[in-house]
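For reference, the structure is listed below as structure tokens.
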Amino acid sequence: MNVVELDRIAVYEAVRVVELAQDGDWERDSPCAGWTLRRLVAHMAAQHHGFAAAARGAGGDPAYWAEPADMGEPAKVHRAAATSVLGAFAEPGAVEREFTLPELGGRFPGRLAIGFHFVDYVVHAWDVAATLGVGLELPEEVLTAALAVARRVPADPAGRGPGFAFAAVLDVPPGAGPLEETLLLLGRSPQWGVSEPPA
């Protein structure tokens, strides 16, 4: 399975879980410290638009990375953004282009950049699912591929934490499954939805 297909599966799963949210869910706390579900979904939509722009050569324009001003219908906003990025990644030659990703500090080969987006949406789909207390439905091969990407993310504490793309790495216990290990490597506690149930 190529990275564009892997990403598509992860994005559609994120769309699915976002659309499970009811009106009373949007102000729930999420695993992203300090963010409600509404704010998390705004960030997800912004990243979709930013990556879509990057795939088309405009990633250096900060306007494309801004969170949507109107989040009155978060699921609708997110679905539109997801459709945009999937369309951009599916364009001929997207994986061969160079993407400008300001948050990651430079330009990256398209295949690698789409890999970043892919693992981010496996994790964000989990974020939403954990917030809502629902299960994540991703094939084992997708989770295994996400783990391979997560293992390549630099773990230097100087580049992790507030203001960076990922929190500090957490300890991975022996026998951890691919999703659990991916979450821990990227600074998420897989127990978030168990030990801290949504209010």
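The values are calculated or read from the model by the stated rules, or taken from the named source; none is laboratory data. Here the structure is a predicted model, which is why all the values come from computation and not from measurement. FYI the Cβ positions are ideal-geometry reconstructions off the backbone, even for glycines, and counts take in every protein chain you see. With ligands, DNA and RNA removed, areas are computed over all heavy atoms of the protein, side chains included. Shrake-Rupley method; radii C 1.70, N 1.55, O 1.52, S 1.80 Å.
Comparing G87, V142, A58 along the charge dipole axis of the range 34-153, the residue lying farthest to the positive side is A58, per the Cβ-charge model.
Could you tell me the relative contact order of the chain? Use alpha-carbon pairs under 8 Å, at least six residues apart, and round to a whole percent. Display every interim value, and only then the final one.
Working: 282 pairs, mean separation 48.3, N = 199.
Once normalised by length, the contact order is 24 percent.
What part of the accessible area of the chain, given as a whole %, is carbon or sulfur when the probe is 1.4 angstrom? Don't skip to the answer; put the middle values down first.
Working: 5250 of 9490 Å².
Percent of accessible area from carbon and sulfur atoms in the chain: 55.
Using a Förster distance of 25 Å, how high is the FRET efficiency between A33 and R151, based on the Cβ-Cβ distance and rounded to 0.05? Using R0 = 25 Å, I get an efficiency of 0.60.
Sorting the segments 50-58, 95-103, 65-73, 2-10 by their mean number of nearby beta carbons within 10 angstrom, highest to lowest, gives 50-58, 2-10, 95-103, 65-73. For the chain, the membrane-span-like helices by this rule, meaning whole DSSP H stretches whose C-alpha atoms cover at least 30 Å of axis and whose Kyte-Doolittle mean is -1.0 or above, are 110-132; this says nothing about an actual membrane. Quick one: Debye curve from the C-alpha atoms of the chain, no solvent, what's log10 I(q)/I(0) at q = 0.12, 0.13 Å⁻¹? Here the Debye-derived log intensity ratios amount to -0.55, -0.66.
Charge dipole (Cα centre; +1 on Lys/Arg Cβ, -1 on Asp/Glu Cβ; no other charges) of the chain amounts to roughly 400 debye. Between A145, A113, A33, the residue with the greatest mean-square fluctuation in the GNM of the chain (Cα pairs under 10 Å linked by springs) is A33. For the range 1-67, the spherically averaged projection of the C-alpha convex hull amounts to 5.5 nm².
Report the charge-dipole magnitude of the range 22-122 in Debye, nearest 20, computed about the Cα centre from +1 at each Lys and Arg Cβ and -1 at each Asp and Glu Cβ. It would help to have the intermediate numbers written out before the result.
Working: 9 positive and 13 negative charges, 50 e Å.
That gives a dipole near 240 debye.
Heavy-atom accessible surface of the chain, averaged per residue, reaches 48 Å², computed with a 1.4 Å probe. Over the chain, dividing the summed -39,500 (n - 2.57) contributions of all DSSP H runs of at least 4 residues by the number of residues returns a 222 nm mean residue ellipticity of -16000 deg cm²/dmol.
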